[in-house]
1. Would you please name the residue that is most open to solvent (accessible area, probe 1.4 Å), looking only at residues in region 158-178 that are assigned to a helix (DSSP H, G or I) and more than 15 Å from Thr95 (Cα to Cα)?
2. Identify all residues within region 78-92 that are in contact with a helix residue (DSSP H, G or I) (Cβ under 6 Å, 6 or more places away or on another chain) and modelled with pLDDT under 95; write none if there are none.
3. Tally up the residues in region 91-105 that are open to solvent by 10 Å² or more (accessible area, probe 1.4 Å) and not small (Gly, Ala, Ser), please.
4. Could you figure out which of (1) modelled with pLDDT under 95; (2) acidic (Asp, Glu); (3) surrounded by fewer than 17 Cβ atoms within 10 Å (Cβ to Cβ) isn't true of Asp135?
5. Do you know which of the residues in region 123-132 that are within 15 Å of the chain's Cα centre (by Cα) and surrounded by fewer than 21 Cβ atoms within 10 Å (Cβ to Cβ) is farthest from Val68 (Cα to Cα)?
6. Considering only residues that are open to solvent by 60 Å² or more (accessible area, probe 1.4 Å) and touching a residue at least 40 places away in the same chain (Cβ under 8 Å), look in region 140-151 and name the one that is nearest to Pro86 (Cα to Cα).
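The values are calculated or read from the model by the stated rules, or taken from the named source; none is laboratory data. Note that this is a predicted model, so its numbers are computed, not measured. Because the Cβ atoms are built from the backbone with ideal geometry, glycine has one as well, and the counts that use them run over all protein chains shown. Note: accessible area is taken over every heavy atom of the protein model, side chains too, but ligands, DNA and RNA are not part of it. Shrake-Rupley method; radii C 1.70, N 1.55, O 1.52, S 1.80 Å.
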Amino acid sequence: EAHLKPLLAFLKKQNRVVPLSEISDHFAFSQMHPGHLEAACQWLENQKELSTDIFIEYLRAQKLASNVDLGEVQMNYATLGAASSPAVLLIPGQTESWWGYEAAMPLLADHFQVFAVDLRGQGRSTRTPGRYTLDNMGNDLVRFIDIAIGRPVLVSGLSSGGVLSAWLSAYARPGQIR
């Protein structure tokens, strides 16, 4: 509760809707233990002087998120669905994050184990100025498939994420892409 008071003060000072990316830049919620996240949601719901519905959804979504070390990059990602289901990898477009897939993930999770990523320099993944090439991002995804997914995967991408999906179909390791 005490660690949320600065957040509440920050939100009260704003005379506007605060984008979630700005909130997450100021407060490291992805580092919180899932039990603490739920407690944070409950505490914020009880703050009657502030509408926090969107922020509460954001905090709950962070419980889906994980981080994996790919060498040069710490890649943030979310996963939902049974490990016994076929894997699907969702790749966001440029400047987007996995959270763009948040509404689709539960729908897909009925049939797949869904993985949605923050590419390097996006969302909560590592920033690597000057290293944002198609080959670097594609190779990050090859390592991600090996380390985090560990089996053949279907891939789908939005905008430049679609370009990376095509890159994977051409350059991923044999057997990685279904």
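1. Narrowing region 158-178 to residues assigned to a helix (DSSP H, G or I): 160-171.
Now restrict to residues that are more than 15 Å from Thr95 (Cα to Cα): 165-171.
Details: Ser165: 15, Ala166: 57, Trp167: 21, Leu168: 1, Ser169: 87, Ala170: 69, Tyr171: 150 Å².
The extreme case among them is Tyr171.
2. Result: Ala78, Leu80.
3. Number satisfying all stated conditions: 6.
4. (1)
5. The first filter runs over region 123-132 and keeps only residues within 15 Å of the chain's Cα centre (by Cα), leaving 123-127.
Checking which are surrounded by fewer than 21 Cβ atoms within 10 Å (Cβ to Cβ) leaves us with 126-127.
On the way: Thr126: 11, Arg127: 14 Å.
Among residues in region 123-132 that are within 15 Å of the chain's Cα centre (by Cα) and surrounded by fewer than 21 Cβ atoms within 10 Å (Cβ to Cβ), the one farthest from Val68 (Cα to Cα) is Arg127.
6. Step by step, filter region 140-151, then rank; the result is Arg151.
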